[in-house]
Structure formats: C-alpha cells, structure tokens
Amino acid sequence: MPSLTRSAPGLGGATAAADRAPDWVAGGTPEPLRSGLVGVLGAERVLTSASDIIRYASDASPYRSFPQAIARPEDESQMAALMSYARRQGVPLVFRAGGTSLNGQSQTDGVLVDVRSGWRGIEVLEDGTAARVRPGTILGHANRALAASGRKLGPDPASTEIATLGGVIANNSGGMRCGTTKDAYSTLRSLRFVLPSGTTIDTADPKAAERFAAAEPELAAGLERIRDEIRSDGDLRERIRRKFEIKNTTGYRLCAFLDADEPVEIFQLLLVGSEGTLAFVSEATMETVPVPPVTTLAWVHFPSIAAATAPVGELVRAGATAVELMVAPALMVAAHSIPGAPEYWKELDPDSAALLVEFGGEEAGDLAGAEASADRILEGHQPLASA
C-alpha cells in the first residue's frame, strides 16, 4: 500500500490553483504515512491536522500546494532518519525555513520539512572574516551579529530580514550589491549536509573526501564521470564558464565540475542553488565581506532603458557597489501608492528609466573621488535633468 496519496501530479511542482482545499485535507495526514512519520520522529515533531496542512500550503508565492504532512526534525540524527525513511518509502520531501520563495520552491504535495525553529544559530569566526551558520538563521540576524566586525555575509536579497540561510544557499540568492563574486557560491567555505541515504558529511573534515567516497561510491563515481566528460570537451567548458560568469540560477551550477576536483568538493558546490533537491544543508561556513563605513547614492534618469544600461559597465569598473535599474512604469506606480515617493515620478515618460548608483568607501574623501568618477562617466551618456 503506498505511503503517499497524491493530490496533484509531479513531485512537488506547485501550480496556480483554486483556493479551495481538496477533500482529503479534512481528514488530515492519511495513513500509513501518518504512523510512519510518527514512528520515525515522534508525534510531537509531526503535524498532521487539516489546519496545519492548510497553514503550510502557502508561502510568499502566488501558489498553493497542500502537503500530506509537516515534519519538524530538530537535529541531524532525526533528519537522517527522516530522509532514510522517505527514500525507502518513495516519499518526496521539501524543506522550508523562511518560506519567502516567490516561485513556490517551498511548497509540496509530499512531506514539508520545517527547519526554522530547531536550526538557528551563528558563530562568528576569525574576527568576523567568516561565520558558521545554521539553515534556519535569518540572514539579517546573522549580519547584525557580524556588524561589530564591520562585516556581513555576501548575499543581500531584498528579503534579508525574513529569508533564512538555508534558502539563501539553496537558491544561491544574490541582491543589488552581491554580483557574482559575493553570492553564496563564491563565499562558501564548507558545508555539513545530510544525504537521502541518511549519511552526514562535513566537508571541513580532512577525511571528508574519503568518507564521501566510502559512503556513496556510486554518487562519487558518477560525479567523476561527469567531471571528466565536461573537462574533455573544450566547447562545453567554454559554454559553462560563459553561462556562470553572469548571474544565472537556472538548473544546477555545472561550473562546479570546473571549480573543484574531488567528488565531495564538486557535490558541495552543486548544493548551492540546488533548491534542496540533492541533500539537506545542516550547517555552512561562509566567508564574509566588508561593510563600507560610508556610502553615497545617486538617482540618475535616462530617456530609455537602453540609455540607462549603457554606462553600467563603466560604473561597476569605477567601483560602484550597486547599480540598480528602475523602469519608469514601476516608479510611476510607486509615486501613486507609496507615501514619500517623489511627486514628479507621477509624470515620468513611460519609456524612460533610471539607475540607482551606490559607491562605498572608508572615509568621506573616498566618496568625493568616486562621485567625480561617476560624474565623468555619466556626462558621456547624457542623462536627463531631474526635477
């Protein structure tokens, strides 16, 4: 008898649906899944009621997908037991912490694994140049712990105050100041993760490569085969490099096969941006980045999107810490709906666009030089005069 009753096809691809819950939800988690999960984790760590299922059916996205149950393991041993059980029974698991996904990644019609409450914590390392974090830790909280060192974690998504590090790593979250050199992939030092088999690996362990190969020989051999195939094809190598030199969160980060040699190192990098499909990340050690003590900001208006994007490369090369494109229709909506927005935004040409440009420095004198450089660059691109 199957352990899982499906409400929709697929392993968890959420789709836009009517608001009404399916009939099976009224009875809560079906048997034998209910008793199976309770047997693995205990009743206090499994939510099975209709109200819980409905509560967890939504995240920050416009979709709803009703989980069969909600599991709440509190440590690696419980997570390993849950993943081993799910693998044996063919039950899909989806991890959720902050639930800030805009595309339904933290929804499922299988078992939703809540990793918020028992998976928090940050340890500041090496005078703040690195940090050891747990997946339920809110990114903004981690940055406040690092603030005394004048450092922060590299990723800076708009959801910093609610997004958790587990989701940041799973989605390789970026942000306005992050680029491709400060994201989770580029600042990752080591991971602890739990595999579907229940095996736990710490890549900071000097014997991690040996343990990984012994525990998962088929996986390790498969990673080596893919590595060798990619590296033997010059055109493919170049294409992968080109694709991942820009912001790119589509699919697995195949550049991992070029950036690391050992299977465990490749797998660690593949976990970044994998959306929880390969393993559960229970802990991460990440390099931090400096926070500029002083910053300067400019809003620059252009007649078109093309004109606005033309100076971006020059501004970045001049040291801009952030360059954000803002299209006129969005600014016009903001002017009509957000108190304090400039009144003249209401009358912008709908075809126009603007750049929000930020420079940072150690002291005010640094900003004067940055502003002069930016002025010289922008003069050559004829921005519009602001009202």
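Every number in this text was worked out from the coordinates using simple rules, so none of it is lab data. None of the values given here were measured: they were computed from a predicted structure. Note: ideal-geometry Cβ built from the backbone for every residue, glycine included; neighbour counts use all protein chains shown.
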*Mind sorting out which of (i) 1.12; (ii) 0.99; (iii) 1.27 is the real Cα Rg over 2.2 N^0.38 Å computed from the coordinates?*
(i)
*Gained length - residue 74 relative to residue 218, 0.36 nm times residue gap less alpha-carbon distance*: 48.9 nm
*Virtual spin-label span in nm between residue 310 and residue 351, 7 Å along Cα→Cβ*: 1.4 nm
*residue 249 versus residue 364, label points 7 Å from Cα toward the beta carbon: distance in nm?*
3.9 nm
*Please compute the net charge surrounding residue 82, taking Lys and Arg as +1 and Asp and Glu as -1 over other residues with Cβ under 15 Å from its Cβ.*
+1
*Would you please give the FRET efficiency between residue 228 and residue 343, computed as 1/(1 + (r/R0)^6) with r the Cβ-Cβ distance and R0 = 51 Å, to the nearest 0.05?*
0.25
*Using θ = phi - 60° and the Karplus relation 6.51 cos²θ - 1.76 cosθ + 1.60, list the HN-Hα couplings for region 42-57 in order, rounded to whole Hz, with x at every Gly or Pro.*
x, 4, 6, 10, 10, 9, 10, 6, 4, 5, 5, 4, 5, 4, 8, 6
*Once you have the Cα-Cα distance between residue 242 and residue 144, take 0.36 nm times their residue separation minus that, and quote the gain in nm to one decimal.*
31.8 nm
*What 222 nm value per residue comes from the helices of the chain, counting each DSSP H run with n ≥ 4 as -39,500 (n - 2.57) and dividing by all residues, nearest 500 deg cm²/dmol?*
-9500 deg cm²/dmol
*Please give the FRET efficiency for residue 205 paired with residue 299, using the beta carbon to beta carbon distance and R0 = 56 Å, rounded to the nearest 0.05.*
0.70
*Could you list the GluC sites (Glu not before Pro) in region 105-161 that lie in coil according to DSSP, counting only those with at most 11 other Cβ atoms within 10 Å of their Cβ?*
none
*So what's the net charge close to residue 356: Lys and Arg +1, Asp and Glu -1, counting the other residues with Cβ under 12 Å from its Cβ?*
-1
